[in-house]
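Q: There's a structure below that I have some questions on.
The values are calculated or read from the model by the stated rules, or taken from the named source; none is laboratory data. Quick caveat, the model's predicted, so the values are computed rather than measured. As a convention, Cβ positions derive from the backbone with ideal geometry for all residues, glycine included, and neighbour counts pool all protein chains shown. Heavy atoms of the whole protein, side chains included, go into the accessibility calculation; ligands, DNA and RNA do not. Shrake-Rupley method; radii C 1.70, N 1.55, O 1.52, S 1.80 Å.
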Amino acid sequence: MEMTKYRDNGQFCSGHVACAGCAEALSMRVILNAVGEDTVGVVAPSCTAVILGGHPMSSAKIPVLHGTLESAAASASGVKRALKAQGRDDTTVLCLAGDGGTYDIGLQALSSAAERNEDILYVCFDNEGYMNTGGQKSSSTPHMATTGSTPLGKATHKKNLIEILAAHRIPYIATASPSHLSDLAAKVEKAKSIRGTKVIIVLIPCLPGWGVADNAAVKTARLAVEAGAFPLLEIEDGVHYSLTVAEKTRPIDAYLAEQKRYRRLSDEDRAALQSEVDDAWSRLLARAGKDLNA
Amino acid sequence: MNKHPSPLWTHLTSENRMTGTWRSALPNYQNQPSPCLGACPVHGHIAEWIKQVKDGDVYGAWVTLTENNPFPAIAGRICHHPCESACNRQHMDETVGICSLERFVGDTALAEGWQFSAPPTQETSVAVIGGGPAGLSAAYQLRRRGFRVALYETKDELGGLMRFGIPAYRLARSVLDGEINRITAMGVDLHLGVPAVDGAALETLQNSHDAVFLATGASLPKRLPALDYANPWVVDSADFLAAPVSEQTDRTGARVIVIGGGSAAMDVARSARRLGRSVTVLALEPEGRLPAQRIEVEEAVEEGVNFVHGAMMKSAEALGSGVVLNCVRVDFEPGDAPGAFSVEPLDGSDFELMADTIIPAIGQDADLARWSGVLDAKGPVVATGRDWQTSKPGLYAGGDVASMNRFVTQAVGMGKEAATAIAAALTPGDARPPANGAAQVAYDRINIAYHDTHGRNRQRNTEIEARLATFDEVQQPLGPNEARSEAARCFSCGTCIYCDNCYFYCPDMAITKLENGYVVNSDYCKGCGLCVAECPTGSIHMREDTSS
């Protein structure tokens, strides 16, 4: 693996109140620095809102508008249009939300913005649950993971937001991981250079929510990528799929073992999850391969 | 107060909040010893010089290497490399080829003619008795520190076992001469071909020098009681190895039996093969457990040496133009001390071997008789205490004469340690640096996500047919690109490579890069330990912090 490298111009400040070892704060550091000074942030209620805010202090050097949970993408669309009216069309509007604000409560606003192809960069910090409010399940919570509201493990599957977004044929969709920070920075920079709606989903292993050790968020995210449980990819115009990490190099076991939310799993459960990952991976390969043959 | 740049309602940055108060542990940058360093007989800073090779700074690597060992080209060829056995990389794919890299650095230094700087000579003078690896290593370390050094050697040439015990196909004489000449060029007062130093001579040397280092090696061959060494068909292995090729040819018949399973036995057997002899090695140890290095045995087999394992000779007698060896199978049990063992002959397993020449190679003893009553002995070697000082104050001893650790680099290490002790004793107020007491970096401290699987870059051997035609070197060196690639395989256990991972993975921007290192900002560090977890070299660890 290549060594990590990205630019840090001090756009994200020390003293924020993210948990010690939080991968979301780490990812935010990379994103805020990659997107640059000429940016306005729009934030949905989420861990992000807490990490960036805390009046009268802010940990971001850019101005940030704190909106409502259901309207992040709509607020961002409005901010972008207002900036355009002021002749500041080059200013990036960065919308930051969690999976609750993206997969569930903000999905309508996001879908509408995507359908209108609003010129916003939308980042979803996907920690697979409402982790900020005590750890309830969201529609992003994966199959069999325990949360406060799924104590025996979630019975249904994680919503496939990537496919939903692809169906909107927006110019750019990507997934990223705090274990691959140079890749995250490169994807933000690429998205910033594209006009229209761009969405980046970043996997955030939540330390208290997933039951991961304080020093293990990056390791857990890396295992997710290596196991193919969270593939790193890019989709252009909703149809051109490409895999950033083209190989699945390990079984899912080590990824599951790192997290307490999976500790109730039986061997059969683990095998079932493995075959779900394998199936999803082959579907993904087929999509990426189809593009190669086009 | 840290003002927010944007003139909005929120007017301060979060830097006003000291999240360091949350912390119970703080990352601590500490270069810790690597397992290779712990295993190295000369305590060489392996991770450090390999990084220099990786960065293309071969001269820097040579300077680092030669702090502890003046013989990188020699050690790179013949060291038993316990460093490689200890290497953490073996748990991922294969050990790093440390020895081949050492040879690369040593050979480059010889080709470039790099020399040691020789500080001006002080009045303080040390006598070194014996010009083998221990004596030369001590002479080198003493000269580096400015001491006057007088070196006494009974032979007409320096090198000891390296010259008279190791055949040229393992260690080219040009390499040996090159690395020895570089030491004598530092200004060593050489006395070659002198009589062996006895008790009285020892006294004289002690009176004329401030300290004496005794490194006369182990020159007495161990004898097999069942063999009459007066027979013309018995040749002592040390004599054989020291002799020129013409003499080796004259003294051996067509069928040679070598008795012993150590390095010397392999050297004799493979030399005899180069003379065109048919060679059988008779060893007490069962197959796979010979004391010789595994690679030596493999190469001997490749060169057509036959092995009879787990057997001993009971007697030998002339029969016709040849010799018949009466042998028996044995049960072999190794003992606790190096070289100790016991054997039990197996009834009814007698057999015979035919030969023209028998060359016993069962080890050498130190000749202690010449100092009896003058120096205390401990078993078969000169007794030494801490710092290799003998029972006579000011007289130090190291190498084969003082230890049963008989590998060349162990002797080099003892020479270095004794020289360091002598220097400290002769320089009042010169405190020795405290030893790095930190624990060795274990494999689980290395984040292998940053190290790609990559098999070892292997040295090639000359074709077997060509090997048997000459005494030219068998092992061919790594090329510069192979060496760089091999150096890049090193995990650099415990030695920071300044990769900036700790800086990049901090979610709290609490690590600042300095010119040559990092500093943790305790105002903000929450003590999560991500920097430690993502360190590819294991050179940071978390330390409990009770300050706040």
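Q: Considering only region A:212-240, how many residues are open to solvent by 20 Å² or more (accessible area, probe 1.4 Å) and either over 19 Å from residue B:505 (Cβ atoms) or of a type in the set (D, E, K, R) (or both)?
A: Matching residues across region A:212-240 total 10.
Q: Name the residues in region A:163-181 that are assigned to a loop (DSSP other than H, G, I, E, B) and touching a Leu at 6+ places or on another chain (Cβ under 7 Å), would you?
A: A:177, A:178, A:180
Q: Among the numbered criteria (1) out of contact with any strand residue (DSSP E or B) (no Cβ under 6 Å at 6 or more places or on another chain); (2) open to solvent by less than 10 Å² (accessible area, probe 1.4 Å), which one does residue B:400 miss?
A: Checking residue B:400 against (1) out of contact with any strand residue (DSSP E or B) (no Cβ under 6 Å at 6 or more places or on another chain); (2) open to solvent by less than 10 Å² (accessible area, probe 1.4 Å), the one that fails is (2).
Q: Can you tell me which residue is nearest to the other protein chains (Cβ to nearest Cβ) among those in region A:35-50 that are open to solvent by 10 Å² or more (accessible area, probe 1.4 Å) and among the hydrophobic types (A, V, I, L, M, F, W, C)?
A: Among residues in region A:35-50 that are open to solvent by 10 Å² or more (accessible area, probe 1.4 Å) and among the hydrophobic types (A, V, I, L, M, F, W, C), the one nearest to the other protein chains (Cβ to nearest Cβ) is A:40.
Q: Of a type in the set (Asp, Glu) and either at the interface with chain B (Cβ under 8 Å from one of its Cβ atoms) or within 24 Å of residue B:23 (Cα to Cα) (or both): which single residue out of A:24, A:2 fits that description?
A: Checking each option against the conditions leaves just A:24.
Q: Tell me, yes or no, whether region B:48-64 has at least one residue that is touching a Gly at 6+ places or on another chain (Cβ under 7 Å), of a type in the set (Gly, Ala, Ser) and either assigned by TED's automatic domain parsing to the domain that holds residue B:108 or in contact (Cβ under 8 Å) with a residue 60 or more places away in the chain (or both).
A: Scanning region B:48-64, I find no residue that is touching a Gly at 6+ places or on another chain (Cβ under 7 Å), of a type in the set (Gly, Ala, Ser) and either assigned by TED's automatic domain parsing to the domain that holds residue B:108 or in contact (Cβ under 8 Å) with a residue 60 or more places away in the chain (or both), so the answer is no.
Q: Against the condition in contact (Cβ under 8 Å) with a residue 24 or more places away in the chain and open to solvent by 40 Å² or more (accessible area, probe 1.4 Å), how does residue B:191 come out, does it pass?
A: Criteria met by residue B:191.
Q: Let me ask something else about it. If the requirement is being within 15 Å of the chain's Cα centre (by Cα), more than 14 Å from chain B (Cβ to nearest Cβ) and over 18 Å from residue A:34 (Cα atoms), which of these qualifies: A:171, A:231?
A: Within the list A:171, A:231, the selection yields A:231.
Q: Moving to a separate point now. Do we find a residue being in a loop (DSSP other than H, G, I, E, B) and touching an Asp or Glu at 6+ places or on another chain (Cβ under 8 Å) anywhere in region A:53-60?
A: no
Q: Then there's this: Scan region B:128-140 and give yes if some residue there is surrounded by fewer than 24 Cβ atoms within 10 Å (Cβ to Cβ), at pLDDT 95 or above and assigned to a helix (DSSP H, G or I), otherwise no.
A: No, because not a single residue in region B:128-140 is surrounded by fewer than 24 Cβ atoms within 10 Å (Cβ to Cβ), at pLDDT 95 or above and assigned to a helix (DSSP H, G or I).
Q: Within region B:39-64, track down each residue that is closer than 26 Å to residue B:292 by Cβ and part of a helix (DSSP H, G or I).
A: B:39, B:46
Condition check ((1) closer than 21 Å to residue A:198 by Cβ; (2) out of contact with any Cys (no Cβ under 6 Å at 6 or more places or on another chain)) across all residues:
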{"site": "A:7", "(1), (2)": "yes, yes"}
{"site": "A:13", "(1), (2)": "no, yes"}
{"site": "A:42", "(1), (2)": "yes, no"}
{"site": "A:83", "(1), (2)": "yes, yes"}
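Q: Can you pull out every residue in region A:185-211 that is hydroxyl-bearing (Ser, Thr, Tyr) and either surrounded by fewer than 22 Cβ atoms within 10 Å (Cβ to Cβ) or out of contact with any strand residue (DSSP E or B) (no Cβ under 9 Å at 6 or more places or on another chain) (or both)?
A: A:193
Q: Applying the selection to region B:62-96, what residues are in contact with a Lys or Arg (Cβ under 7 Å, 6 or more places away or on another chain), over 18 Å from residue B:136 (Cα atoms) and crowded, with 21+ Cβ neighbours inside 10 Å?
A: B:89, B:96
Q: Please go through region B:155-164 and pick out each residue that is open to solvent by 10 Å² or more (accessible area, probe 1.4 Å) and either in contact with a strand residue (DSSP E or B) (Cβ under 8 Å, 6 or more places away or on another chain) or not aliphatic (A, V, I, L, M) (or both).
A: Answer for region B:155-164, where residues must be open to solvent by 10 Å² or more (accessible area, probe 1.4 Å) and either in contact with a strand residue (DSSP E or B) (Cβ under 8 Å, 6 or more places away or on another chain) or not aliphatic (A, V, I, L, M) (or both): B:155, B:156, B:157, B:158, B:160, B:163, B:164.
Q: Under 7 Å between Cβ atoms, which residue pairs at least 6 apart in sequence (or on different chains) link something in region A:190-215 that is of a type outside the set (A, V, I, L, M, F, W, C) with a partner that is surrounded by fewer than 17 Cβ atoms within 10 Å (Cβ to Cβ) and not in a loop (DSSP other than H, G, I, E, B)?
A: Correct list of pairs: A:211/A:260.
Q: Mind telling me which of the residues B:152, B:169 ends up being open to solvent by less than 10 Å² (accessible area, probe 1.4 Å), of a type in the set (Ser, Thr, Tyr) and at pLDDT 95 or above?
A: Selected residue: B:169, the only one of B:152, B:169 that is open to solvent by less than 10 Å² (accessible area, probe 1.4 Å), of a type in the set (Ser, Thr, Tyr) and at pLDDT 95 or above.
Q: Taking the conditions exactly as written (at pLDDT 95 or above and within 23 Å of residue A:176 (Cα to Cα)), does residue A:24 satisfy them or not?
A: yes
Q: Now a separate question. Just give me the residues in region B:21-41 being open to solvent by less than 30 Å² (accessible area, probe 1.4 Å) and within 9 Å of chain A (Cβ to nearest Cβ), in sequence order.
A: B:23 - this is the single residue of region B:21-41 that is open to solvent by less than 30 Å² (accessible area, probe 1.4 Å) and within 9 Å of chain A (Cβ to nearest Cβ).
Q: When you go through A:99, A:90 one by one, which is the residue that is more than 11 Å from chain B (Cβ to nearest Cβ) and under 19 Å from the mean Cα position of the chain (by Cα)?
A: Only one candidate passes the filter, namely A:99.
Q: Hey, another quick one. Exactly one of (1) open to solvent by less than 70 Å² (accessible area, probe 1.4 Å); (2) acidic (Asp, Glu); (3) away from every other protein chain (no Cβ under 12 Å) is unmet by residue B:465. Its number?
A: So the condition that residue B:465 fails would be (1).
Q: Related question: Being in contact with a Lys or Arg (Cβ under 9 Å, 6 or more places away or on another chain) and more than 14 Å from residue A:44 (Cα to Cα) narrows it down to one of A:156, A:91, so name that one.
A: Within the list A:156, A:91, the selection yields A:91.
Q: Assess whether residue B:521 counts as being within 34 Å of the chain's Cα centre (by Cα), in the same structural domain as residue B:22 (by TED's automatic domain parsing) and open to solvent by 30 Å² or more (accessible area, probe 1.4 Å).
A: So residue B:521 fails the test.
Q: What's the total number of residues in region B:80-118 that are in a helix (DSSP H, G or I) and among the polar types (S, T, N, Q)?
A: 5
Q: Could you list all residues from region B:375-388 that are closer than 25 Å to residue B:424 by Cβ and over 23 Å from the mean Cα position of the chain (by Cα)?
A: Matches in region B:375-388: B:375, B:376, B:378.
Q: Looking only at region A:174-184, filter to residues that are small (Gly, Ala, Ser) and buried (at least 24 other Cβ atoms within 10 Å of the Cβ); which one of those is farthest from the other protein chains (Cβ to nearest Cβ)?
A: That would be A:174.
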